[in-house]
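K.L.:
Mind looking over this structure? Questions follow.
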Amino acid sequence: MERYPVQILNFEECLGQIRSEFLNLKNCAIILIYSPFSDARGIKRFFNKREVEEALGRGIRVLVITRPENKEALNCLTEFHANKKYNLEIYTRKGFHEKVIIIDDVDKKITYIGSANFLSSSSSSSELIVRIDGKEVMDEILNKIGPPRDEELYISQPRLDK
């Protein structure tokens, strides 16, 4: 079995690592965020960082998948979609529990997977996240959890007006 570079991170380390990676993403990058339990405070903590805002402002495509009962989170994400010039798509999926971020860029394929709900304010430094480099692992995890589907789309068109 092929080995992939792996890091074990707590939640704060993970957020710092993601923010620094956002700085170097190409404009064609796609980021998938699976966060079943999300809230407005957690969403703002994630998206209101300079590195993330700069990357999103460059046209990085972000797909957020959360549960449909998260009305507060959906309202907050809808505000981000409406008020910012982000290429943000919002999906709702019933009953899922996976907590994953996938960064699919030209020269990097990174998966974060662990116990943290990335867009929830209740996630703390006691959470553990594994960061794995490699296309094969990314593809296998995405195949297991399933990519966002058209019928799960909550906000239909990305914001591309700059």
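The values are calculated or read from the model by the stated rules, or taken from the named source; none is laboratory data. Everything numeric in this text was worked out from a predicted model, so none of it was measured. Here the Cβ positions follow ideal geometry from the backbone for every residue, glycine too, while neighbour counts run over all protein chains shown.
K.L.:
In the stretch 137-146, what residues are charged (D, E, K, R) and under 12 Å from Ile102 (Cα atoms)? So that I can check it myself, show each step before the final result.
P.N.:
In the first step, residues of the stretch 137-146 are kept if they are charged (D, E, K, R); the result is 139-140, 144.
Selection gives Asp139, Glu140.
K.L.:
When only residues in the stretch 34-47 that are surrounded by 23 or more Cβ atoms within 10 Å (Cβ to Cβ) and not polar (S, T, N, Q) count, which is modelled with the highest pLDDT?
P.N.:
Ranking the candidates gives Tyr34 first.
K.L.:
Quick check on my filter: what residues within the stretch 44-61 are more than 18 Å from Ala116 (Cβ to Cβ) and either part of a helix (DSSP H, G or I) or of a type in the set (A, V, I, L, M) (or both)?
P.N.:
Correct list: Arg50, Glu51, Glu53, Glu54, Ala55, Leu56, Gly57, Ile60.
K.L.:
Follow-up. Do you know which residues across the stretch 60-80 are in contact (Cβ under 8 Å) with a residue 24 or more places away in the chain and of a type in the set (Asp, Glu)?
P.N.:
The first filter runs over the stretch 60-80 and keeps only residues in contact (Cβ under 8 Å) with a residue 24 or more places away in the chain, leaving 60-68, 70, 72-78, 80.
Selection gives Glu72 alone.
K.L.:
While we're on this one: Go over the candidates Leu63, Leu128 one by one and state the one that is at pLDDT below 95, touching a strand residue (DSSP E or B) at 6+ places or on another chain (Cβ under 8 Å) and more than 19 Å from Ile8 (Cα to Cα).
P.N.:
Matching residue, one of Leu63, Leu128: Leu63.
K.L.:
Condition first: part of a helix (DSSP H, G or I), at negative phi and hydrophobic (A, V, I, L, M, F, W, C). Can you find one or more residues in the stretch 62-74 that meet it?
P.N.:
Looking for residues that are part of a helix (DSSP H, G or I), at negative phi and hydrophobic (A, V, I, L, M, F, W, C), one finds at least one in the stretch 62-74, hence yes.
K.L.:
Now a separate question. Restricting to the stretch 81-112, name every residue that is crowded, with 21+ Cβ neighbours inside 10 Å and free of Cβ contacts under 8 Å to residues at least 40 places away in the same chain.
P.N.:
Hit for the stretch 81-112 is Thr111, nothing else.
K.L.:
A follow-up question, please. Between Leu142, Leu119, which is in contact with a strand residue (DSSP E or B) (Cβ under 7 Å, 6 or more places away or on another chain) and in a loop (DSSP other than H, G, I, E, B)?
P.N.:
Within the list Leu142, Leu119, the selection yields Leu119.
K.L.:
Looking at the stretch 122-139, which of its residues are in a loop (DSSP other than H, G, I, E, B) and within 17 Å of Ile30 (Cβ to Cβ)?
P.N.:
Gly134
K.L.:
How many residues are touching a Ser or Thr at 6+ places or on another chain (Cβ under 9 Å) and in a strand (DSSP E or B) when one looks only at the stretch 85-110?
P.N.:
8
K.L.:
Being within 13 Å of the chain's Cα centre (by Cα) and either among the basic types (Lys, Arg) or outside any helix (DSSP H, G or I) (or both) is the filter here, so list the residues in the stretch 19-43 that pass it.
P.N.:
Within the stretch 19-43, Arg19, Ala29, Ile30, Ile31, Leu32, Ile33, Tyr34, Ser35, Pro36, Phe37, Ser38 qualify.
K.L.:
Only one of (1) surrounded by 19 or more Cβ atoms within 10 Å (Cβ to Cβ); (2) within 19 Å of Ile102 (Cα to Cα) fails for Ile30. Which number is that?
P.N.:
It fails just one condition, (1).
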